[in-house]
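What follows is a single structure, written as structure tokens, with notes after it.
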Amino acid sequence: QVQLVESGGGLVHTGGSLRLSCVASGFTFSIYGMGWIRQAPGKEREFVAAIDWTGSLIRYAGSVKGRFTISRDNAKNTVYLQMNSLKPEDTAVYYCARGSGMRVTDLGDFASWGQGTQVTVSS
């Protein structure tokens, strides 16, 4: 059974930083693409970032490029999202997600996701 447990969310001021972590279990983490998606109140889920199984192919949404960094540690079954220069529009529930295969290119490639962690950026 796929389990994805996020942590690291919280309340920060504009310009602040947070690091989200996601510990995965129930599947062979090292052969799946992983990523993060988010959902703000009243809005649809949005692709944030994705990383392939090797960690060498990375994609970001245009709105976070240059501010967010996704990484993974296959030895720890963990994927991270370092978020810098946070803005109020980054406020959302952030979900860790597993791809349906080795690579993830967009929202439709995700097959499972966790319960989410709230990120709130105050102005």
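For the range 64-71, the criterion of being in contact with a Cys (Cβ under 8 Å, 6 or more places away or on another chain) and under 13 Å from SER21 (Cα atoms) is met by none of the residues. Condition test on GLY114, is it open to solvent by less than 30 Å² (accessible area, probe 1.4 Å) and not β-branched (Val, Ile, Thr)? It is true that GLY114 is open to solvent by less than 30 Å² (accessible area, probe 1.4 Å) and not β-branched (Val, Ile, Thr). Annotation note: Cβ proximity below 6 Å between a residue of the range 70-94 that is surrounded by fewer than 20 Cβ atoms within 10 Å (Cβ to Cβ) and a residue that is among the charged types (D, E, K, R) (sequence gap 6+ or interchain) occurs for GLN82/ARG19; ASN84/ARG67; SER85/ARG67.
Inside the range 1-40, residues that are surrounded by fewer than 20 Cβ atoms within 10 Å (Cβ to Cβ) and in contact with an Asp or Glu (Cβ under 8 Å, 6 or more places away or on another chain) make up a count of 3. Looking for something crowded, with 20+ Cβ neighbours inside 10 Å, in contact with a helix residue (DSSP H, G or I) (Cβ under 8 Å, 6 or more places away or on another chain) and part of a strand (DSSP E or B) - is there at least one such residue anywhere in the range 41-57? Yes, the range 41-57 has at least one match. Applying the condition of being outside any loop (DSSP other than H, G, I, E, B) and not aliphatic (A, V, I, L, M) to the range 58-69 and asking which residue is surrounded by the most Cβ atoms within 10 Å (Cβ to Cβ) yields PHE68. Candidates are the residues of the range 76-96 that are among the hydrophobic types (A, V, I, L, M, F, W, C) and touching a helix residue (DSSP H, G or I) at 6+ places or on another chain (Cβ under 9 Å); the one that is nearest to VAL119 (Cα to Cα) is MET83.
The values are calculated or read from the model by the stated rules, or taken from the named source; none is laboratory data. All values reported here derive from a predicted model rather than from experimental measurement. Using ideal geometry, Cβ is built from the backbone for each residue, glycine included, and neighbour counts are taken over all protein chains shown. For the accessible areas, the whole protein counts, side chains as well, though only heavy atoms, and no ligand, DNA or RNA atoms are used. Shrake-Rupley method; radii C 1.70, N 1.55, O 1.52, S 1.80 Å.
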